[in-house]
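We did not get these values from a lab; they are worked out from the coordinates using the rules stated. What you are looking at is a predicted structure, and each value in this text was computed from that prediction instead of being measured. Here the Cβ is made from the backbone with ideal geometry for all residues, glycine too, and neighbour counts use every protein chain on show.
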Amino acid sequence: MEKVLDFSRPHVLRNQAEYDVAVREIERLLDENPTSGSVDCDRLEFLSVLVEAYEDQHEPVGDVTPREAVEFMLEQRGMTRTELTELMGGKSRVSEFFAGKRDLSKSQIEVLHRHLKIPADVLLGL
């Protein structure tokens with residue numbers, strides 16, 4: 001069985017090993033696509049907050065553009081740009097976004113946030 005973190009006494013992620021276990025558990029939970037409000041969904045949200053805090057403290061990254069964030073999440077999920085066609089309103093919208101000719105619209109930000117789990121502030125370029 002895959003190792004999971006014991007949070008009977010909640011705590012922040014204290015080291016790289018706990019971080020690695022948390023990331024693997026997040027990936028497993030994402031694959032299971034838990035129902036909103038379920039124990040697994042709550043655990044996914046909890047672990048995500050802990051991982052984000054650990055990364056902010058130990059691995060600060062520079063500014064990421066919306067294009068870089070979308071490209072990264074596509075790669076992480078094994079998706080292609082073509083799979084964004086319906087989400088973003090057509091092939092030309094996807095092409096223009098990745099070519100830097102068009103920023104994301106509010107509706108595209110909402111859809112990408114919901115489907116790719118990219119923070120809205122990153123998609124807004126903040």
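In this simple spin-label approximation, residue 4 and residue 77 carry label points 7 Å from Cα along the Cα→Cβ vector, and these lie 2.4 nm apart. What you get for the range 80-126, charging only the Cβ of Lys and Arg (+1) and of Asp and Glu (-1), is a dipole of about 100 debye around the Cα centre. The residue 46 and residue 91 beta-carbon pair, evaluated with R₀ = 41 Å, returns a calculated FRET efficiency of approximately 0.60. If only the Cβ of Lys and Arg carry +1 and only the Cβ of Asp and Glu carry -1, the dipole of the chain around its Cα centre is close to 460 debye. Please say if the range 66-123 is rounded, prolate or oblate, where rounded means a/c under 1.5 for a ≥ b ≥ c the square roots of the C-alpha gyration tensor eigenvalues, and otherwise the choice is prolate for a/b larger than b/c and oblate otherwise? Here the range 66-123 falls in the rounded category. Toward the positive end of the charge dipole of the range 66-123, with +1 on the Cβ of Lys and Arg and -1 on the Cβ of Asp and Glu, the farthest Cα among 70, 122, 107 is that of 107. What the Cα atoms of the chain give is an Rg and a Dmax of 16.4, 51 Å. For the range 63-78 and the range 102-126, compute the distance between their C-alpha centroids and round to whole Å. What the calculation gives is 11 Å, centre to centre. A Cβ-based charge dipole, computed about the Cα centre of the range 16-58 with Lys and Arg at +1 and Asp and Glu at -1, lands at about 80 debye. The angle between the Cα long axis of helix 39-58 and the main principal axis of the chain comes to about 80°, on a 0 to 90 degree scale. Diffusion coefficient (Stokes-Einstein, Kirkwood radius over C-alpha pairs, 37 °C, 0.692 mPa s) for the range 16-58: 313 µm²/s, rounded to a whole number.
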